[in-house]
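Worksheet: one structure, shown below.
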Amino acid sequence: MAIIYPNEAGKTFDMEYYSNTHMPMAAGLLGESLKAMAIDKGLGGGAPESQAPHVAVGYFYFDTMSDFQNAMGPNRAQIKADVPNYTNIQPVIQISEVVVVE
């Protein structure tokens, strides 16, 4: 699961709260089925000196879709309720399968 926060004019994002409070809280709620989590902090775009298209992208990794659904379902409201504590950005959610290229 990727939670993408677009970099929009007039919007705010508290990376310290997100990384030190929100993500650990969510991980605790999601339990043992959560295999890993990560955060991308947007630093820049593809062109030199350009703005990052996203302020941040958070990732939660699960083995299966059912593991994700079983963990997220009963905790979605509590996790979502914490969002205003760190941002006024409407996140974009994407569910993906990670394909490892060797």
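Any read-out appearing in this document is the output of simple, stated calculations on the displayed coordinates, not a laboratory observation. Predicted model only: the values in this text are computed from it and were never measured. Neighbour counts are summed over all protein chains in view; Cβ atoms, including those assigned to glycine, are modelled from backbone coordinates with ideal geometry.
Quick look at the numbers
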{"item": "Which numbered condition ALA52 fails, given (1) under 15 Å from the mean Cα position of the chain (by Cα); (2) surrounded by 15 or more Cβ atoms within 10 Å (Cβ to Cβ)", "result": "(1)"}
{"item": "Every residue from segment 37-62 that is small (Gly, Ala, Ser) and over 20 Å from ASP82 (Cβ atoms)", "result": "GLY42, GLY44, GLY45, GLY46, ALA47, SER50, ALA52"}
{"item": "Qualifying residue in segment 38-50 (condition: among the aliphatic types (A, V, I, L, M) and in contact with a helix residue (DSSP H, G or I) (Cβ under 7 Å, 6 or more places away or on another chain))", "result": "yes"}
